Each structure stands twice: as structure tokens, then as C-alpha cells.
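Input: a single structure, listed below in C-alpha cells.
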Amino acid sequence: MKILFVASECAPFVKTGGLADVVGAVPKALEPLGAEVQTILPAYPALAPQVADGDVVHEFADLFGGPARLVAARAEGLNLLLLDAPHLYDRAGSIYLNDSDQDWEDNHLRFGALCVAATMVALDGVAGWKPQLVHAHDWQAGLVPLLIKMADRSDAPRTILTIHNIAFQGLFPWTTKNLFNIPDHLFTHEGAEYYGQLGFLKSGLAFADKITTVSPTYARELLTPSFGMGLDGLLQARQHDLSGILNGIDLDIWNPQTDPVLPANYSARNRVNKRKCRDAVASHFGLSVEPDTPLFCVISRLTEQKGLDLLLQVLPNLVERGGRLAVLGSGSPELEQGFQSAAETFAGKVGVVIGYDEALSHLMQGGSDAILVPSRFEPCGLTQLYGLRYGTLPVVAQTGGLADTVVDATKENLKAKTATGVQFSPIDAHHLGRAIERTCDLFAKPKVWKAMMGTAMRTPVGWADSAPKYLDLYREVAAV
Ligand code: ADP
């Protein structure tokens, strides 16, 4: 089966969050099952080597203000269709934000162009390859189902849209619709319009044949006003087309047994070397760790969603209990500042690196005892999955994919040897504080902690369960 992925990021080439990991991993998991995926994404500067090595398969004389071409390349086990349009993508810095941390002013053109190019591939194919199905990811790909619908072709492939995070919706002034020739009868409250604006994500949700999101719990949460962020009504209307398929992780990249970043490798069976990794994290962050109190870590965007303001509130308690904390992240200036001053106040006990550092994130997964994920909402979350795989027990808010992937250390679960971490709810500072205390108590009982680590490290977190679910859905949708 031939499937076209449409996305704005893809690991290991370009990544700002979990979307990239998933877009980079799913095609590789689908290939052995007989699916043939091509992934179309913008040719940002990071992809220049792949563009240089690839083959030009299509040229656009003008795509929103300049010439563009599609370059096919095979790299890192993926089939890429790179949209090379220097006037849109050849710029330094973040793929979404300018130097002032504002969205690039032409993001509607940058990702609209991606959707237009993807629609051309979907309808006419390139180099003799035409997809049977299009799988669009997040708002940046949201116009594709609408543009395909507008083409009104009987041979058009069917479409699936996956919501990786509904907080990002791609809203633009209504006049933007003219750039894409969206007719008035589709620019309605039931269609592409969101309170007078053009909604890229909304267009996808309204016109895709099926909608998925990245965990079963988030699929249910999205139907409620507090999680649906204004799109819950539309999702309720389409709830029979909505399902949650849990994310997995790339087991080759995230493997403590082979991870080249770790100073010493370890496995579920032989974990002694995790101590060496712990020492390496402690030394990197300037922390004085103790054998009987846990080293917590955070690897995250520092934003309101991630609930890290709650962690700042309970940090004195964490330190008082003998816990240590290593934080890697970047984002809101207030949170960056908050963690930096906490590192000064609790020198040797709290360490912070502001920035994005893939290698350091691997080291921290290897060397920490527990990973904190106190998100207010979390579609799936990946860092807790890496934590499970590395025996770094997740301490998580009970929401979205966090609720689906971590088994709380209740008395019953501990007895049944199914516990893999700590969950808390409601999501507030008080209950996060209690969860940290429970974690410290559990850590103080080495037998219990070791048993949990063993269960966590043996939990299946790859794509073995979820990749076939995508394939089943593709077959169901394409067969209609
Ligand atoms: P989200 O997509 O909402 O940011 P996820 O947990 O789904 O959250 O995915 C985040 C991904 O980004 C993970 O792979 C995580 O390891 C990575 N990550 C987040 N912040 C950093 C950072 N500062 N440095 C390195 N990796 C990071």
C-alpha cells in the first residue's frame, strides 16, 4: 500500500518535539508490514545534504513568490520528498519562529505551499509514484484534505489527519482563503472557518476521511471543552471517525544497551552500569547525588502545557527530601528564569541547562532515576516512554498518553508487579508534591524500586502494537 505522509518536521533531520519522532519512526515501522511511505516535508537548511544527493522529480515555476522543486531522496531509512523552495524555507533559526520568537510572518505561505505540493503529489503522483492514501500531520498539513476535496476528483486518494497537539491550530486572517481559492461554501463554520479566520487544523478535521490522535485517553479528552480548545464541537460531531493510536518510540535510537551517548551501556537484565550514567549526569549538572535519594530529571519544552511552574512551586520540598533535579529545556522566559534561579538557590542540588540538546537528553534518560512529566495536558508524551525503556521511572500527571502508558505504583500494582511509575491527579502543585514524596519513599526501598525498573524496562514501548493499527486504519479508509 502506498501512503503519502505530510509533515513539517521529521527526526532525525529536523525536530522541535514529539511530532518529528513519530513522523520519523512510523514509516520505518510500516515498511516491514508491506506499506510504502513517502514523506513530503519542507527542505529546511538542515536537509541541504539530502537535497544535494536527491533527484528532482517536479518543478513549480512559482509557488507563493518563487520557484520550487520537489527532490526525492532516500535517507535514514526514509523515502523523502523534499520541497525545495528557498524563498520559504532557506532561513536560519527555528523552523516556526523568527528571531523575536514570533511565528514567521509567512507561515501561512510556508505551510500552505507544503499542502499545495502534497496535494499535487496526491492527485497526480511524482516519478510514477501515486499514493492510495494521504496521512497529514498537525496543522501544518491541515489544508491537504480540504485541497483534495476541492479538486473533486474521483481518483483522489482518501485522507487521514493526525492531531499531535490541538493547542497549535494554524489560524490566519480570513483573506488567506483567497490564496488557496477556497470557495465560500467550504469556508463555513462546519468547514474551514474558525470564528472568522481560516483554520488549517480545522480544515483537516472537517474534511479528512478519518481523524486520529496519539493516545486513546487524549481522543476522549478532546471531546471536552477543557481539552478541545474550541474544536471539541467539531470533534464531537465527528467522533465516530476519531480514534486514538498510541505513539511508540524508535527502539533502535532509544536503547540503553547500544546508546552511544551513554558512558556505559546497560540492559533490563544487567543494570549496574546505570550507576555510571548517573555519575555522568551528576557531574554534567554539578550535582552532589546520594545513593538513597533519587535524581529526577526534566527534558521538555518549558511551556504552560508542561506544568513546570508547578514543579518550581514544590522544588524546595523535593530538595528537602534529599532529591536532586537536572533540567534540560527551553521556552518561556519566565520558566527559564525560574529554573535558573532555582539552580542558584539550590546549588549542587538543582542543575539546569537551557537549550535543546539531543545527546544530553539521551544521557539524562540513561543516568536519572526518575523523569518528571507534570503536564496539564499531554496528547501522548514521549519522554516518559524513553524513561520506561531506560529504567528512569516516570512521575506523571494523569492525563492523555501519560495516563495510558505509566502504571501507578499503587499497593495492588506493586503487589502484582505491574507498577512502572507514579501518577498524580488532580494536576496541581500539592498533588505533584505528594507524587514526588511517594517517589522518594519508593526509591528508599531498593527492592521495590528495582522491581519497578525491571517492569518498566520490559514494557513494550516500540511500534509493534501501534504500527499495525495504522495499517488497519489505512486499509479500512482506502477500501471505502
Ligand atoms: P512535545 O512534542 O509536546 O514537545 P513530547 O514528549 O511528545 O512533547 O516530545 C518531546 C520530544 O522532544 C522528546 O523526544 C524529547 O526528548 C525532546 N525534547 C524536548 N525538549 C528537549 C530539549 N531541550 N533537548 C533535547 N530534546 C528535547
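Where a number appears in this text, it was derived from the coordinates with a stated rule and is not lab data. Since the model is a prediction, treat every value here as computed from it, not as a measurement. In this analysis, Cβ positions are derived from the backbone assuming ideal geometry, glycine residues included, and neighbour counts consider all displayed protein chains.
Before moving on, here are some points about what is shown:
- A straight line joining the Cα centroids of the range 412-470 and the range 241-282 runs 15 Å.
- The charge dipole of the range 274-458, taken about its Cα centre with unit charges on the Cβ atoms of Lys, Arg (+1), Asp and Glu (-1) only, comes to about 900 debye.
- The antiparallel fraction among DSSP beta bridges confined to the chain stands at about 30%.
- Among 243-254, 398-409, the peptide with the highest mean count of other Cβ atoms within 10 Å heads the list, and the full ranking is 398-409, 243-254.
- Under the convention that each Lys and Arg Cβ holds +1 and each Asp and Glu Cβ holds -1, the size of the dipole of the chain around its Cα centre is about 1860 debye.
- Förster radius 56 Å - calculated FRET efficiency between HIS284 and GLN239, Cβ distance, rounded to 0.05: 0.75
- Over the chain, the reciprocal of the mean inverse Cα-Cα separation, the Kirkwood hydrodynamic radius, stands at 23.2 Å.
- Net lengthening on full extension, TRP174/VAL448 (0.36 nm per residue, minus Cα-Cα): 92.9 nm
- Taking the helices alone, the chain has a mean residue ellipticity at 222 nm of -11000 deg cm²/dmol, built from -39,500 (n - 2.57) per DSSP H run of at least 4 residues and averaged over all its residues.
- Separation of alpha-carbon centers, the range 116-146 and the range 314-366, rounded to whole Å: 41
- The distance between label points at ALA48 and GLN257 comes to 3.9 nm (points 7 Å beyond Cα on the Cα→Cβ vector).
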